[in-house]
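Beneath this line is the structure, given in structure tokens, with notes to follow.
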Amino acid sequence: MKFRTIGLRAAPLALLAVAALAGQAGAATPTDPSGTYLTEDGRARIRLEKCGAAADRLCGYVVWLKVPLNDKGEPRVDFRNPDPKKQARPSLGHQLIMGLKPNADAQYEGKIYNSEDGKSYDVKVWTETAGELTVKGCLIAFLCKSQTWTKVVDVLPGQLSGPTNSPGGPRTDPEYMGPKAAAPKPSAKAAPKAGETAPAQ
């Protein structure tokens, strides 16, 4: 698709007004994509759900793997993770979408973890067609790839169907528990007045 550029001096006021309205529309709240999706390559199912203290973020978890076992017949683990403490954790159930935030383009953006190489990438996700999710991951600003994930409603053998962080469900990454409200600061104790003694501790 080719685009033509229009100089601002030549653009009629009507076009500028339309552009302004389009900018406002782009700032709309993203469509909630919560649900379970089959990745484009068919190798995994990812559950997306709202997360964070205000339920305004988007988290995602691996809830099914087409090949859940390694060559030794053992459950796959996240052995390429740069954190040694996570290299033995099961691949099934781990968190890969880390609390994406809504942006001005009616999309969710943030970080996605790829267990195949142990790296995290910038990602944007959005829904334009019912039952489909566009996932655009970028290694750097000009090197990006898009995938289409398809929403599913059935449950396959071996799929985690329980609530997150419960038996039979996926697990939240310990380092990502969602944004939390700041803990209240302890109130300062008044200094004792002259002639008074401080209360016993």
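The values are calculated or read from the model by the stated rules, or taken from the named source; none is laboratory data. Bear in mind the structure is a predicted one, so any value in this text is a computation, not a measurement. Using ideal geometry, Cβ is built from the backbone for each residue, glycine included, and neighbour counts are taken over all protein chains shown. Keep in mind that these areas ignore ligands, DNA and RNA; they rest on the heavy atoms of the full protein, side chains included. Shrake-Rupley method; radii C 1.70, N 1.55, O 1.52, S 1.80 Å.
Once you've got the Cα coordinates, tell me which of 86/136; 50/151; 50/136; 85/151; 72/151; 66/86 are over 28 Å apart. Those over the limit are 85/151; 72/151. Please work out whether the range 37-84 counts as rounded, prolate or oblate from its C-alpha gyration tensor, where a ≥ b ≥ c are the square roots of the eigenvalues and a/c under 1.5 means rounded, while otherwise a/b larger than b/c means prolate and anything else oblate? Oblate, since a/c reaches 1.5 and b/c is not below a/b. How much of the accessible area of the range 122-181, probe 1.4 Å, is carbon plus sulfur, in whole percent? Summing carbon and sulfur atoms, their accessible area is 59 percent of the total for the range 122-181.
Each of the peptides 52-64, 69-81, 122-134 was scored by the mean count of other Cβ atoms within 10 Å over its residues; in descending order, highest first, they stand as 52-64, 122-134, 69-81.
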